[in-house]
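Please treat every number below as a calculation from the coordinates, not as lab data. The structure displayed is predicted, hence computed values, not measured ones. So basically every Cβ, Gly included, is an ideal-geometry build from the backbone, and we count neighbours across all protein chains shown.
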Amino acid sequence: MRRLTLPEYTSMQSYSLCLTSVLDLDLKERLNGVSGFIEGVSNTYVDQARLGNVYSIPPLKHPKGEDPIVVADVRKSELIKLYGYHMVDRQPGRGLYDVILVSANEQCPFCGGIGRPKSLDHYLPKANYPQYAVLPQNLVPCCRDCNTEKSNALAATEDEQSIHPYFDDDKFFLEQWVFAKVNLTYPCSLEYFSQPPNEWGDVEKNRASNHFRDFNIGSRYSVQAADELSALVDLRRGYLSDISADEFSRYLASVSNSVSYFSNHWKRVMYQALAEDRNFYGAAL
Ligand SMILES: [Zn+2]
């Protein structure tokens, strides 16, 4: 929904930073020993992500068991703790964590900013992809609701991949693919839906629609719109009670076109739908 600037830190900068606070010398040596592997698979991640093919990266294979060795002599839990203990909880890793978190500017990229990012989400989950536990390009600021809505199921096809805020094509962020219709019930409400442009390919259309469904964008946007709509109806009944239908429509369109809203912002889409629905003028009285 919202584009984020790709973190500038490389996989090795992040990995070494997190290793700084590992005090167990044996563990530190073993983790250092697999840094070449981590760098190689991280390069693969970035290459595939640029092609929109992150789904094609298979989960890290390992033997069955409680806490298997996943590469050389390093266990799965040891890679995962590099994130939990050495990036989330300790400096200097925490410094990088915070840099990535604040890069979202208080707006969650998955839901288009209706939530504030509270933590970093692993685009490819660390349980299946421990090799990417501290890869900056796999860590996306995420709000609590999106974290809850996001299914842990791995994308099995290209279509099922949620929109990657760092890598995906500009069209997902710049073009409009979320629309709304006005329900002139009492009280009025907004119903949002996904409708990608006809000229998009099938995979892109499906990805946008799946993202919309997986993050429950429709009902979350409607909830946001309900408050705004109620205030707008009050305005129409009061200060704007003498306004003509054309003027009212122009007013709604001007709010929709405010430069501060991106293409699929709930408020932009809401005012666009209201401006286009001529019956709202009378229904809001
Ligand atoms: Zn969110």
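This ranking places Leu235, Leu51, Leu60, Leu190 by how few other beta-carbon atoms lie within 10 Å of each, fewest first, which gives Leu51, Leu235, Leu60, Leu190.
A simple count of charges around Ser241, restricted to other residues whose Cβ falls under 15 Å of its Cβ and scoring Lys, Arg +1 and Asp, Glu -1, yields -1. Gyration tensor over the Cα atoms of the chain: the corresponding equivalent ellipsoid has semi-axes (square roots of 5 times the eigenvalues, largest first) of 45, 18, 15 Å.
What does the charge count around Ala49 come to, taking other residues whose C-beta lies under 13 Å from its C-beta (Lys +1, Arg +1, Asp -1, Glu -1)? Taking every other residue near Ala49 into account, the sum is -3. Highest average first, the peptides 224-230, 210-216 ordered by how many other beta carbon atoms sit within 10 Å of their residues are 210-216, 224-230.
Per-residue packing, averaged as other Cβ atoms within 10 Å, sorts the ranges 169-182, 70-83, 251-264, 107-120 into the order 107-120, 70-83, 169-182, 251-264, beginning with the highest. Using Cα positions and a limit of under 24 Å, work out the lysines in reach of Lys171, with same-chain residues fewer than 8 apart set aside. By straight Cα distance, Lys171 reaches Lys150, Lys181, Lys205, Lys267. Residue-normalised convex hull volume from the C-alpha trace of segment 171-283: 103 Å³ per residue. For segment 220-285 versus segment 191-211, the inter-centroid distance based on Cα atoms is 25 Å. Charged neighbours of Ser209, selected by a Cβ distance under 12 Å, balance to -2 (K, R count +1; D, E count -1).
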